[in-house]
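Notes for the one structure printed next.
Read-outs throughout are calculated quantities, based only on the coordinates presented, and are distinct from any laboratory measurement. Just so it is clear, the model here is predicted, and its values are computed rather than measured. When we count neighbours, we look across all protein chains shown, and the Cβ atoms used for this are built from the backbone with ideal geometry, even at glycine.
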Amino acid sequence: MTVTGQDADGVRLLRGLEDERSSVRLRAALAVGSTPDPRFVPALVRRCAVEPEFFVRDMLTWALTRHPVSLTLPALLDEVRSDHAQARSQALHTLSKIGDRRAWPAITPALLSDADEEVARSAWRASVVLVPPGEEEALAAELAKGLGRGGRETRLSLSQALVTLGDAVVPVLLASTAAPDPLVRAHALATERLLRDPDAGFESAIEEAKRVAVLDGPGQEGR
């Protein structure tokens, strides 16, 4: 069988995605995105699930966004149900970049509360991109269940997702400021402050909110 130049290039790029050198994998992902080909989609999706380098993963996502949604969407929706946390996280990240709302049904409460914080953060970011008009308040209520979770980066990610929903989050934030858990109250107060003043720093917002939450107690925020 004769191997054409195009076929040989495709084989070379597919091998490049698996190379042990991250610089080679990065160049291969760039080349695949620059010359989209349906043959590359399964390999890109598989590589996203195992790629250890952030910059390469980001290039893999970019390469997937360059391919037809009719090919990428079904593969990514399969990945969000994977047993592997990185596969779920990266598929959610890529879905948020594609922005096709047909992916919305895949954003389940289980993903929004995933035990793996990176998966949960990716689900939060994807959810506020994909949420259909009219579903914002329901999403805000689901996201608010994560208030108080994790360290600084996780809490900041959730606050940013909630703030993206705008006024739809106000009722759930107000309710959360009366929560028994001081961490939940502080996180809700900090998010509320960021909603009112997007330029406020998260650290100062959370520290001020902690003081208010601890000193005033649930339901006594002095409003």
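Remark: the residue 12-residue 108 segment gains 30.8 nm on full extension, using 0.36 nm per residue and subtracting the alpha carbon distance.
About its Cα centre, the dipole of the range 6-127 is roughly 320 debye, where the only charges are +1 on Lys and Arg Cβ and -1 on Asp and Glu Cβ.
What size of dipole, in debye to the nearest 20, comes out for the chain about its Cα centre when the only charges are +1 on Lys and Arg C-beta atoms and -1 on Asp and Glu C-beta atoms? Using only the charged Cβ atoms, the result is roughly 360 debye. Under the criterion of Cα pairs below 8 Å and six or more residues apart, the relative contact order for the range 9-130 equals 20 percent. Counting neighbouring beta carbons within 10 Å and listing from fewest to most, the residues 159, 22 come out as 22, 159. Ranking 132, 147, 188 by Cα position along the charge dipole of the chain, where only Lys, Arg, Asp and Glu carry charges on their C-beta atoms, puts 132 farthest toward the positive end.
For the residues 41, 80, 24, a GNM of the chain with alpha-carbon springs under 10 Å puts the largest fluctuation on 24.
3J(HN,Hα) couplings calculated from phi for the range 58-72 with the Karplus curve 6.51 cos²θ - 1.76 cosθ + 1.60 (θ = phi - 60°) are, in sequence order, 5, 5, 4, 4, 4, 4, 5, 5, 7, 9, x, 4, 4, 9, 7 Hz; Gly and Pro show x. Legend: calculated FRET efficiency, residue 101 to residue 54, from the Cβ-Cβ distance at R0 = 30 Å, rounded to 0.05, equals 0.65.
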